[in-house]
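Taking it in order: structure first as structure tokens, then the write-up.
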Amino acid sequence: YKHRHDGDWAIDTVNPDGWTNILAYLKATSADFVVGQEAKRAGKNDCHNAESAARTAGWKASLVSCLTTAALGKSAGVAVAARAQFGLADADPVTLTQHLHDTARFGMKHVGAVRKGGFHLGSLYLYHTIGVRAEANLDLLETVACTLAGLKGPWCIGGDFNCTPSQLIDTGWLAKVGGVIHYPTDATTDRGKVYDFFVTSVSLSPLVASVHVIGDFRCTPHFAVRLIL
């Protein structure tokens, strides 16, 4: 809770493989906001039940439904959460472009905190194993760029990008969206890679004080990562 003592804000991004583990993280973390990947909740009812469980734990949460595979497995799904005392609302530019994104890969909400007018907070989960320059990932980044272009005010996206910061920079996407990348110096995966990090708007970037791996909560095969504003 040091960040609160210092008058700062903490945003965590976490991919612990499943909503049950994300909920456990919400109950344990000292963060003010959390974005999660691989929530793996399918359909409106499943997502609503998860959001209800988050409310019981003292959080407002918004889940984007996952995919159900041919073998009836669950894949992807993302979540955005804020502590219950903060506003978490739909943003028209996000709602109007949500259909453009590949199902279960991106979600964003407006958070009424941190600064006057609040900011937009998103969760992004790129496809794994195929590389960030694969068509599916470039197309997903393109649709996210479309959403960001319609926003008024600052934004922050936390995610499992399934690529390194330098690989994301090389796509040219950051320049296109006016984004600044913020990542920890330590590895965020078991394989020694930095795949979990944040991208903020240029306007929000000056508020970023630090980004670091949270080492005392295991999210195999990832570590949670915290951005301090």
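Being of a type in the set (V, I, T) and under 28 Å from S30 (Cα atoms) is the filter; apply it to the range 52-92 and report the residue that is surrounded by the fewest Cβ atoms within 10 Å (Cβ to Cβ).
Let us first name the residues in the range 52-92 that are of a type in the set (V, I, T), namely 56, 64, 68-69, 78, 80.
Add one more test, that the residue is under 28 Å from S30 (Cα atoms), and what stays is 56, 64, 78, 80.
Values: T56: 9, V64: 22, V78: 29, V80: 24.
In this case the residue turns out to be T56.
Closer than 19 Å to F197 by Cα and either without any contact (Cβ under 8 Å) to a residue 40 or more places away in the chain or out of contact with any strand residue (DSSP E or B) (no Cβ under 6 Å at 6 or more places or on another chain) (or both), is that true of L140? Lay out the reasoning, then the answer.
Numbers: closer than 19 Å to F197 by Cα: yes; either without any contact (Cβ under 8 Å) to a residue 40 or more places away in the chain or out of contact with any strand residue (DSSP E or B) (no Cβ under 6 Å at 6 or more places or on another chain) (or both): yes.
Judged against the criteria, L140 is a match.
Among residues of the range 179-202 being open to solvent by less than 30 Å² (accessible area, probe 1.4 Å) and hydroxyl-bearing (S, T, Y), the one that is nearest to I11 (Cα to Cα) is T200. Can L138 be described as crowded, with 20+ Cβ neighbours inside 10 Å, touching a Phe, Trp or Tyr at 6+ places or on another chain (Cβ under 9 Å) and at pLDDT 95 or above? No: the conditions fail for L138. Mind listing whichever residues of the range 6-40 are among the charged types (D, E, K, R), in contact with a Phe, Trp or Tyr (Cβ under 8 Å, 6 or more places away or on another chain) and in contact (Cβ under 8 Å) with a residue 60 or more places away in the chain? D12, D32, E38, listed by residue number. Only one entry of D170, D160 meets the criterion of being buried (at least 17 other Cβ atoms within 10 Å of the Cβ), among the acidic types (D, E) and either modelled with pLDDT of 95 or more or touching a Gly at 6+ places or on another chain (Cβ under 8 Å) (or both), and that entry is D160. Exactly one residue among T95, T103 is part of a helix (DSSP H, G or I), open to solvent by 60 Å² or more (accessible area, probe 1.4 Å) and among the β-branched types (V, I, T), and that residue is T95. Only one entry in A61, A82 is closer than 20 Å to N15 by Cα, touching a residue at least 40 places away in the same chain (Cβ under 8 Å) and part of a strand (DSSP E or B), namely A82.
For the range 17-25, state whether one or more residues are outside any helix (DSSP H, G or I), touching a Gly at 6+ places or on another chain (Cβ under 6 Å), of a type outside the set (K, R) and surrounded by 24 or more Cβ atoms within 10 Å (Cβ to Cβ).
So the first thing to find is which residues in the range 17-25 are outside any helix (DSSP H, G or I), and the list is 17-18.
Then keep just the ones that are touching a Gly at 6+ places or on another chain (Cβ under 6 Å); that gives none.
Looking for residues that are outside any helix (DSSP H, G or I), touching a Gly at 6+ places or on another chain (Cβ under 6 Å), of a type outside the set (K, R) and surrounded by 24 or more Cβ atoms within 10 Å (Cβ to Cβ), one finds none in the range 17-25, hence no.
Select from the range 33-48 the residues that are in a helix (DSSP H, G or I) and either touching a strand residue (DSSP E or B) at 6+ places or on another chain (Cβ under 7 Å) or over 25 Å from G112 (Cβ atoms) (or both) and list them in ascending order. Before you say what the answer is, go through the steps one by one.
Start the filter on the range 33-48 by keeping residues that are in a helix (DSSP H, G or I), which leaves 43-48.
Matches in the range 33-48: G43, N45, D46, C47.
Filtering the range 59-80 to residues that are of a type in the set (A, V, I, L, M, F, W, C) and modelled with pLDDT under 95 leaves L67, A70, A71, L72. Give the residues of the range 64-79 that are β-branched (V, I, T) and outside any loop (DSSP other than H, G, I, E, B), sorted by residue number. V64, T68, V78 - these are the residues of the range 64-79 that are β-branched (V, I, T) and outside any loop (DSSP other than H, G, I, E, B).
Any residue at all in the range 118-129 that is of a type outside the set (V, I, T), more than 22 Å from I22 (Cα to Cα) and open to solvent by 10 Å² or more (accessible area, probe 1.4 Å)? Quick ask: steps written out before the conclusion?
Pass one, the range 118-129, residues of a type outside the set (V, I, T): 118-128.
If we keep only those that are more than 22 Å from I22 (Cα to Cα) too, we end up with 118-119.
Imposing the further condition that a residue be open to solvent by 10 Å² or more (accessible area, probe 1.4 Å) reduces the set to none.
Scanning the range 118-129, I find no residue that is of a type outside the set (V, I, T), more than 22 Å from I22 (Cα to Cα) and open to solvent by 10 Å² or more (accessible area, probe 1.4 Å), so the answer is no.
Working only within the range 193-207, note down all residues that are free of Cβ contacts under 8 Å to residues at least 60 places away in the same chain and within 14 Å of H222 (Cβ to Cβ). Of everything in the range 193-207, those that are free of Cβ contacts under 8 Å to residues at least 60 places away in the same chain and within 14 Å of H222 (Cβ to Cβ) turn out to be K193, V194, Y195. Residues that are open to solvent by 70 Å² or more (accessible area, probe 1.4 Å) and within 25 Å of T95 (Cα to Cα) occur at least once in the range 203-225.
The values are calculated or read from the model by the stated rules, or taken from the named source; none is laboratory data. As the structure is a computational prediction, the values presented were derived from the model and not from experiment. Note that we place each Cβ from the backbone using ideal geometry, even for glycine, and neighbour counts take in every protein chain shown. Ligands, DNA and RNA are excluded from the accessible area calculation, which covers all protein heavy atoms including side chains. Shrake-Rupley method; radii C 1.70, N 1.55, O 1.52, S 1.80 Å.
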